[in-house]
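Chemist: Take this structure first; my questions come after.
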Amino acid sequence: MSLGKVLIALSVVFLGLYWLMDSLNIISPGIMSLFGECLPYLVILLGALLILSPIIKRKKPGFFWGLFFLIYGGLLLADKHGMLVFHWQDIWKLWPYIIIYFGLDMLFGKNLFVSLSGNFDHGKKKKKDKSHVEFIWNGDEAKEDSGQKDSYMFVNESSYKHENWMVKPMHERVRIADYNFDFTKAFIPEETIPITLSGWVGDIKITVPDDLAYRVDLRAKVGDAKIGKEKHSGILRNVSYQTGNYDEAVRKIDFAFDFQVIDLNIDQV
C-alpha cells in the first residue's frame, strides 16, 4: 500500500475515533482544546505529504487529496485566526472543490478529446434528432488508440427537444451532466423504456405529456428535485415516484438517477 493511502486511511480512522469519543462526551475539555489547536496544522501537513512524498519517490503526486487537505486545513487555520468562520464539521461544504479540480485538470491535464455529434433525418429538410457535446478525458497514461477502456465521458451536454425524436433505452455515466428532454415532441414506442443517468453533478430538465406513464427512482447525496407536484430538497437517498396510470400503461418510461449532486425538474404539460 502506498504512503498516500496509508496516510489517508490513518487520518480517517483517527478522525472517526475522535468524532466517536466527542459524541459520547468521553474526551476532556483540555484534550478537545489541544486537538482544536493542532488540527489545522496536522491536516495541512497531511496534504503536503500526499503531494511531496510521491514526488520524492518520482511517482505521480496525489494532487486531488493533497490539495483537498491543504484547502481544508487552510480554512481551519483561517477560522482559528478569526479571518472567517469554518469548523471541522463543515468539511461537506467543500464539495464544489471536485468540480473545480477536474475543471483545472481538463485544462492542464493530458489527453482531452472533444466530440461533437448529431443524428439527422434524411429528406428535404434535415432536422437534428439529437445535439450532443462530449468532453472525454483520460487522466492516466495515454493508450495507443482512442478506444481505450480507461477513457470516460467527463462533461456531457445533451438536448432532446426536436420533433419526432426517437426515445430509446439509455444508460449513461458522466462526471458533469446537463440534460434537457422534451417528451412532448418525441416518438415513444409502446414498451417500457429505461433511461438511467448517473455521475457526480447532474442538471436535468424533463418535460412530459400529461398522459405519459413513468416512474422515477432517484438517489443523490444532496440536491433539489421537482417531480410533478412533489418537491424534495436536501439529502435524496431514496426518492421514488410513479404516475397513477403506470401499472396499466403499455407505453411508459423508467427513469433512474444516481448523482452526488442533482437538480432535477420534471414538468407535466
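Chemist: I'm trying to understand the selection: among the residues of segment 169-178, which are more than 14 Å from the chain's Cα centre (by Cα) and closer than 25 Å to Val269 by Cβ?
Modeler: Of all residues in segment 169-178, those more than 14 Å from the chain's Cα centre (by Cα) come to 169-171.
Scanning segment 169-178 gives Pro169, Met170.
Chemist: Another question about this same structure. Filter segment 233-243 down to the residues that are surrounded by fewer than 17 Cβ atoms within 10 Å (Cβ to Cβ) and at pLDDT 90 or above and list them by number.
Modeler: Pass one, segment 233-243, residues surrounded by fewer than 17 Cβ atoms within 10 Å (Cβ to Cβ): 233-235, 237-238, 240, 242.
Listed by number, the residues that qualify are Ser240, Gln242.
Chemist: Looking at segment 244-269 only, could you name the residues that are surrounded by fewer than 17 Cβ atoms within 10 Å (Cβ to Cβ), of a type in the set (A, V, I, L, M, F, W, C) and farther than 18 Å from Glu172 by Cα?
Modeler: Ala249, Val250, Val269
Chemist: Could you list, in sequence order, all residues of segment 220-231 that are crowded, with 17+ Cβ neighbours inside 10 Å and either at negative phi or hydrophobic (A, V, I, L, M, F, W, C) (or both)?
Modeler: Those that are crowded, with 17+ Cβ neighbours inside 10 Å and either at negative phi or hydrophobic (A, V, I, L, M, F, W, C) (or both): Ala220, Ala225, Ile227.
Chemist: Pick from Ala186, Ala220: which is touching a strand residue (DSSP E or B) at 6+ places or on another chain (Cβ under 8 Å), farther than 30 Å from Lys93 by Cβ and small (Gly, Ala, Ser)?
Modeler: Numbers: Ala220 fails: farther than 30 Å from Lys93 by Cβ.
Of the residues listed, the single one that is touching a strand residue (DSSP E or B) at 6+ places or on another chain (Cβ under 8 Å), farther than 30 Å from Lys93 by Cβ and small (Gly, Ala, Ser) is Ala186.
Chemist: Okay, next question. If Ala142 satisfies every condition in (1) in a strand (DSSP E or B); (2) among the hydrophobic types (A, V, I, L, M, F, W, C); (3) modelled with pLDDT under 85 but one, which is the exception?
Modeler: Only one criterion in (1) in a strand (DSSP E or B); (2) among the hydrophobic types (A, V, I, L, M, F, W, C); (3) modelled with pLDDT under 85 is unmet by Ala142, namely (1).
Chemist: Can I ask one more? Of all the residues that make up segment 167-214, how many are among the hydroxyl-bearing types (Ser, Thr, Tyr) and outside any strand (DSSP E or B)? Write out each step before concluding.
Modeler: In the first step, residues of segment 167-214 are kept if they are among the hydroxyl-bearing types (Ser, Thr, Tyr); the result is 179, 184, 192, 196, 198, 207, 214.
When the remaining residues are screened for being outside any strand (DSSP E or B), the result is 184.
Final tally of qualifying residues: 1.
Chemist: Kindly provide the set of residues from segment 58-89 that are touching a helix residue (DSSP H, G or I) at 6+ places or on another chain (Cβ under 8 Å), of a type in the set (D, E, K, R) and at pLDDT below 80, ordered by number.
Modeler: Lys60 - this is the single residue of segment 58-89 that is touching a helix residue (DSSP H, G or I) at 6+ places or on another chain (Cβ under 8 Å), of a type in the set (D, E, K, R) and at pLDDT below 80.
The values are calculated or read from the model by the stated rules, or taken from the named source; none is laboratory data. Remember, it's a predicted structure, so these values are computed and weren't measured experimentally. Quick reminder, even Gly has a Cβ in these numbers, built from the backbone with ideal geometry, and neighbours come from all protein chains shown.
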